[in-house]
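Worksheet: one structure, shown below.
The values are calculated or read from the model by the stated rules, or taken from the named source; none is laboratory data. All values derive from a computational prediction rather than experimental measurement. Because the Cβ atoms are built from the backbone with ideal geometry, glycine has one as well, and the counts that use them run over all protein chains shown.
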Amino acid sequence: MVLERDRQQARDLGRACPAGGRRFLEIGSYRDVSTCWLLENVLTHPEARITCIDVSFQPVFELNLQQTGCAAKVEALSGPSYKFLRELPLSHYDFIYVDGSHMKRDVIEDAVLAWRVLKRGDLVTFDDYQMTDSAFIAGLYGEKGPEVAIDCFLSCYAGEYRVVHKGYQITLESSRRHEEAGDSGSGIPMGLKKTLWRIGKAVLAASAALVVLVVAGLLVSAPVAATGDGRRWRLEALRRRSR
Ligand SMILES: C[S@@+](CC[C@H](N)C(=O)[O-])C[C@H]1O[C@@H](n2cnc3c(N)ncnc32)[C@H](O)[C@@H]1O
């Protein structure tokens, strides 16, 4: 049975998904309502692929997929998102749908790690952003559910995204290269790293030139000084100049 909640989710996904996107990632697939909808409505290109991550895929997941006739487009990774998100290629996905754990600490981790594997200019949608109205959810996840975690992400990554849609779900478009935003992997911003590299190379070249000059100077003056001719020659020159 397709619930009204699922229809709404499909409508929101439809609004968020890039038409030409080929590489999708879904965190939290459960019984794959969202996966099947994406396969049937967005991932229609023969080369389109979706990677699905879930700690426990429901038994109907496989069955529903077979019914779409697109099972070959799906890569299912069974395990926690924090593990797989660290292994996926950086700046790779056209669209990421985050609907896994709804614990605040997990949502913020999914957001940060998903941001790294998202391509610039592409989209990430968080489901259940405004999951605030249920006492059940409030009891489980804290007063504001995923919203607190996502708002924290929005604050920390300000300037790197554009909010495309904000409602029950929230969709962000990545607006800067992760490298430009200082994500060089070493904690040193990429721009600073390049400048330091250039300065290092210049210092090295100048030191090498200095060493060559000093060695050349020593080679030229050493034999003359050793014979004493150098001193005589210098005295001659001084005498000539004083006349
Ligand atoms: C709300 S359901 C996903 C619904 C699905 N998107 C759909 O439309 O049918 C959340 C799913 O996230 C999975 N999940 C929870 N914590 C997870 C984690 N740390 N890593 C990966 N999946 C997780 C659960 O097993 C569950 O299947």
> Which residue out of Asp94, Asp122, Asp32 is near the ligand (Cβ under 9 Å from one of its atoms), crowded, with 18+ Cβ neighbours inside 10 Å and among the charged types (D, E, K, R)?
Replying inline: Asp32
> What pairs come up if the first residue lies in segment 67-82 and is among the charged types (D, E, K, R), the second is within 13 Å of the ligand (Cβ to nearest atom), and their beta carbons are under 9 Å apart, counting only those six or more places apart or on different chains?
Replying inline: Lys73/Leu39; Lys73/Ile50; Glu75/Ile50; Glu75/Thr51; Glu75/Cys52
> How about segment 158-174: which of its residues are aliphatic (A, V, I, L, M) and either closer than 16 Å to Tyr129 by Cα or touching a His at 6+ places or on another chain (Cβ under 6 Å) (or both)?
Replying inline: Val163, Val164, Ile170, Leu172
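Listed residues Glu47, Glu75; which is modelled with pLDDT of 95 or more, within 26 Å of the chain's Cα centre (by Cα) and surrounded by fewer than 16 Cβ atoms within 10 Å (Cβ to Cβ)? Steps first, please.
Details: Glu47 fails: modelled with pLDDT of 95 or more.
None of the others qualify; the one that does is Glu75.
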> Out of (1) within 11 Å of the ligand (Cβ to nearest atom); (2) more than 16 Å from the chain's Cα centre (by Cα), what's the single condition that is false for Cys70?
Replying inline: (1)
> Does Lys83 qualify as being more than 20 Å from Asp32 (Cβ to Cβ), at pLDDT below 95 and within 16 Å of the ligand (Cβ to nearest atom)?
Replying inline: no
